[in-house]
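Participant: One structure follows; several queries about it will come next.
The values are calculated or read from the model by the stated rules, or taken from the named source; none is laboratory data. The model shown is predicted, which means the values in this text are computed figures rather than measured ones. Glycine gets a Cβ as well: all are built from the backbone with ideal geometry, and neighbour counts include every protein chain shown.
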Amino acid sequence: MLRKTLVLVALVMAWLTAGTPGAQSVGRFAVTAEPIRVGLGNLGLCIAVDPRDPKGIWWWEPGASGCATRSTGPDVFPANEPKVSRTPAGAAAEFQLGTHDLARPFILVRLVVDASTMRSADTSHEVGLRYRNDLKVPFELPAPRVATRIGLDHIPVAVRDLEAAQATYRALGFSLKPGRPHDNGIRNAHVKFPNGAGLELLTVPAAVDPLSTQYVEMIRTGEGPAFLAFHDRDLPSLHAALKAGGFAFHDRGGLVDLETPGLGYLFWIGDNRSPTDRPEHFAHANGATGLAAVWIATDGGEALRRLLVTLGGRCERKQVPAPDAVDALVVTLDEGQVVILPASRQLLPGRPIIGASFGVSDLGATRGALGKAGIVPRRAPSGADRVVVEPKDTHGLWIEFRP
């Protein structure tokens, strides 16, 4: 034990005095041997620290060979607002890291460095170190992403009175498919489309298991969307893609839950299409033809973006009406889009899903169905090619109809 301590002390002194005449050099830069998680979900970064430089911090995203290569560029990135200070054990370092999240554009990354490890003070993730005399890190594409194809499936909407909610959605011009009895007392009805996507209106009389308990609490705090389901017709490929991306999950007989903090409102199923689906279930008087997009307001936008891109989504930042004009991240999936908004747009605290957008064949039919029911859409700019119904008229979510 004493010998190990003396070796570590010698390494620290050699590192801190690297470049001093007569000193034994172990390399100027302490570099993470593998990506370290710093607070952006499961995203790991490669980080280099020079303890002799008060601003000596650099970072990059790993290539296929890990931190020995980079997949970002054109070079390693100097850290934003870097601060390095020496400590008896090595060095303390911190910097600001951009997040691509409108609500939280930066996070503060704090690191503790000794002779052999680097640890995130925020996530407690610790990795080993390698030493380098330069930061000429070669470019290498990241490991190939496991191919999988996901689409929007359905949004469970928790309501107090299922019969009243069904009447509301019929008035909005949707056809409804009756639900089935559940052992835990959940009662439901479905707005469905041919690919299995849609809405699930549901209520529960009492808390008898973890899921019904969760719904009872949600209904107590307010009606509205509870979860978002995606479908993937090839669940083994989904498993492989999630594992490759570092996302923890649990498969409960074909229902895949995420165990990643901040993303627990998402789940996957293989196929929500049913032999009991009938053409009349898809014949919506408002002209709706499918679930086109879901609006999610969250302070975990970067983690959500990374998850969806890992699963094959294509991301772009643009201004969208949701319901008012806002800069958002829009991730296009194999079927449908996810619009990532600032958490300030949440209708209920802690409930990130705030809206659903439906494609329609004819906005005239939409306006006609709403007018017949006496439902007044939200006022839109003249000539707007969309119809929006407010949450007070839908049991807790924005509903948009668009061509």
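Participant: Would you check if there is a residue in the stretch 355-363 being surrounded by fewer than 16 Cβ atoms within 10 Å (Cβ to Cβ), charged (D, E, K, R) and without any contact (Cβ under 8 Å) to a residue 40 or more places away in the chain?
Facilitator: no
Participant: Would you say T394 is in contact with a helix residue (DSSP H, G or I) (Cβ under 9 Å, 6 or more places away or on another chain), modelled with pLDDT under 90 and assigned by TED's automatic domain parsing to the domain that holds E200? Steps first, please.
Facilitator: Working: in contact with a helix residue (DSSP H, G or I) (Cβ under 9 Å, 6 or more places away or on another chain): yes; modelled with pLDDT under 90: no; assigned by TED's automatic domain parsing to the domain that holds E200: yes.
For T394, the condition - in contact with a helix residue (DSSP H, G or I) (Cβ under 9 Å, 6 or more places away or on another chain), modelled with pLDDT under 90 and assigned by TED's automatic domain parsing to the domain that holds E200 - is not met.
Participant: Which residue pairs have Cβ atoms closer than 7 Å, lie 6 or more positions apart in sequence or on different chains, and pair a first residue in the stretch 196-219 that is under 15 Å from G179 (Cβ atoms) with a second residue that is acidic (D, E) and surrounded by 15 or more Cβ atoms within 10 Å (Cβ to Cβ)?
Facilitator: As it stands, the answer is G196/D153, since those pairs meet every condition given.
Participant: Given the structure, is F267 in a strand (DSSP E or B) and more than 20 Å from the chain's Cα centre (by Cα)?
Facilitator: no
Participant: Any idea which of (1) more than 23 Å from P261 (Cα to Cα); (2) in contact (Cβ under 8 Å) with a residue 24 or more places away in the chain; (3) among the β-branched types (V, I, T) is the one T117 doesn't satisfy?
Facilitator: Evaluating T117 over (1) more than 23 Å from P261 (Cα to Cα); (2) in contact (Cβ under 8 Å) with a residue 24 or more places away in the chain; (3) among the β-branched types (V, I, T) leaves (2) as the failure.
Participant: Is there a residue in the stretch 342-359 that is within 21 Å of L238 (Cα to Cα) and not hydrophobic (A, V, I, L, M, F, W, C)?
Facilitator: No; the residues of the stretch 342-359 include none that is within 21 Å of L238 (Cα to Cα) and not hydrophobic (A, V, I, L, M, F, W, C).
Participant: Name the pairs: first residue in the stretch 225-254 and closer than 30 Å to W398 by Cα and in the same structural domain as Q214 (by TED's automatic domain parsing), second residue among the acidic types (D, E) and at pLDDT below 90, Cβ to Cβ under 7 Å, at least 6 apart or on different chains?
Facilitator: Taking only residues 6 or more apart or on different chains, the pairs are F249/E259.
Participant: Are any residues in the stretch 184-201 in contact with a helix residue (DSSP H, G or I) (Cβ under 7 Å, 6 or more places away or on another chain) and either farther than 27 Å from L308 by Cα or not charged (D, E, K, R) (or both), and if so, which ones?
Facilitator: N184, G185, I186, R187, A189, V191, F193, P194, L201
Participant: Now a separate question. Can you find a residue in the stretch 300-319 that is within 28 Å of A171 (Cβ to Cβ), β-branched (V, I, T) and either in contact with a Leu (Cβ under 6 Å, 6 or more places away or on another chain) or at pLDDT below 95 (or both)? Quick ask: steps written out before the conclusion?
Facilitator: Here is the first cut: in the stretch 300-319, the ones within 28 Å of A171 (Cβ to Cβ) are none.
There is no residue in the stretch 300-319 that is within 28 Å of A171 (Cβ to Cβ), β-branched (V, I, T) and either in contact with a Leu (Cβ under 6 Å, 6 or more places away or on another chain) or at pLDDT below 95 (or both).
Participant: Scan the stretch 300-320 and tell me whether some residue there is within 26 Å of E217 (Cβ to Cβ) and either of a type in the set (V, I, T) or outside any helix (DSSP H, G or I) (or both).
Facilitator: Yes, that holds for at least one residue.
Participant: Give me a count of the residues in the stretch 376-403 that are in a strand (DSSP E or B) and touching a Leu at 6+ places or on another chain (Cβ under 9 Å).
Facilitator: Count: 6.
Participant: Here is a follow-up. Quick one: in the stretch 137-187, which of the residues that are of a type in the set (D, E, K, R) and assigned to a strand (DSSP E or B) is farthest from A48 (Cα to Cα)?
Facilitator: So the first thing to find is which residues in the stretch 137-187 are of a type in the set (D, E, K, R), and the list is 140, 145, 149, 153, 160-161, 163, 170, 177, 180, 183, 187.
Now drop any that are not assigned to a strand (DSSP E or B), which leaves 153, 177, 187.
On the way: D153: 42, K177: 57, R187: 55 Å.
Looking at the filtered set, the residue picked out is K177.
Participant: Restricting to the stretch 69-101, name every residue that is among the hydroxyl-bearing types (S, T, Y), closer than 23 Å to Y131 by Cβ and under 30 Å from the mean Cα position of the chain (by Cα).
Facilitator: Scanning the stretch 69-101 gives T69, S71, T72.
Participant: Okay, next question. Residue by residue through the stretch 38-96, note down the ones that are surrounded by fewer than 20 Cβ atoms within 10 Å (Cβ to Cβ) and among the basic types (K, R).
Facilitator: Once the filter is applied, which keeps residues that are surrounded by fewer than 20 Cβ atoms within 10 Å (Cβ to Cβ) and among the basic types (K, R), the stretch 38-96 yields R52, K55, K83, R86.
Participant: In addition: Among the listed residues F139, F193, identify the single one that is under 30 Å from V31 (Cβ atoms), aromatic (F, W, Y) and touching a residue at least 24 places away in the same chain (Cβ under 8 Å).
Facilitator: One residue alone meets the criteria, F139.
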